[in-house]
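Taking it in order: structure first as structure tokens, then the write-up.
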């Protein structure tokens, strides 16, 4: 069990977290739980363990929610928000699922909304290209597509901006993911302390 709190003034804020980690990745036996310290722009190892039959439970204490990464074997680390609760993390070759905690759910909901805008924008761009290629694009249809494209881009930017203004852990991850265009491997380039 690991206790971590760089900003706690007393132990009354300390609470337990539990991570139920499941993975079917081949050659993925080691698990590292890293926390991001934005004030130092660094990562700190908080907890670690070994998967047994694809499962590991990590527990410890924290005084506040933290931006964290779970790294299984040599796979790309998965960013999430470590909260004072029980969280399930399932990682397979196809996808990663984090379930548990109010902040994680808010982060996932915001990402889903942004990804939906991105998908719709890409579909309009593909339709525009298709209509150019098959010569069915005229001024009216081009105007409609461009207006719809602009409306979706503006809505997506407003969603991202509002998410960032909340100034919480989810906003930090949204900013890194959608504004700075950092993927989770960029976190690993930071120093361990």
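A few points about this structure:
- When restricted to residues that are touching a helix residue (DSSP H, G or I) at 6+ places or on another chain (Cβ under 9 Å), farther than 13 Å from residue 172 by Cβ and at pLDDT 85 or above, region 66-76 contains 1.
- Selection count, region 44-84, where residues are within 16 Å of the chain's Cα centre (by Cα) and part of a strand (DSSP E or B): 12
- Restricting attention to region 106-145, the residues that are in a helix (DSSP H, G or I), free of Cβ contacts under 8 Å to residues at least 60 places away in the same chain and either in contact with a helix residue (DSSP H, G or I) (Cβ under 8 Å, 6 or more places away or on another chain) or assigned by TED's automatic domain parsing to the domain that holds residue 87 (or both) add up to 13.
- Test: residue in region 88-103 that is part of a helix (DSSP H, G or I), under 30 Å from residue 14 (Cα atoms) and either at pLDDT 90 or above or in contact with a helix residue (DSSP H, G or I) (Cβ under 7 Å, 6 or more places away or on another chain) (or both): yes
- Considering each residue of region 84-96 in turn, at least one proves to be free of Cβ contacts under 8 Å to residues at least 24 places away in the same chain, surrounded by fewer than 20 Cβ atoms within 10 Å (Cβ to Cβ), assigned by TED's automatic domain parsing to the domain that holds residue 36 and more than 20 Å from residue 46 (Cβ to Cβ).
- In region 1-29, residue surrounded by the most Cβ atoms within 10 Å (Cβ to Cβ) [restricted to those that are at pLDDT 85 or above and more than 21 Å from the chain's Cα centre (by Cα)]: 14
The values are calculated or read from the model by the stated rules, or taken from the named source; none is laboratory data. Remember, predicted model here, so these are calculated numbers, not experimental data. Every residue, glycine among them, receives a Cβ derived from its backbone with ideal geometry; neighbour counts consider all protein chains shown.
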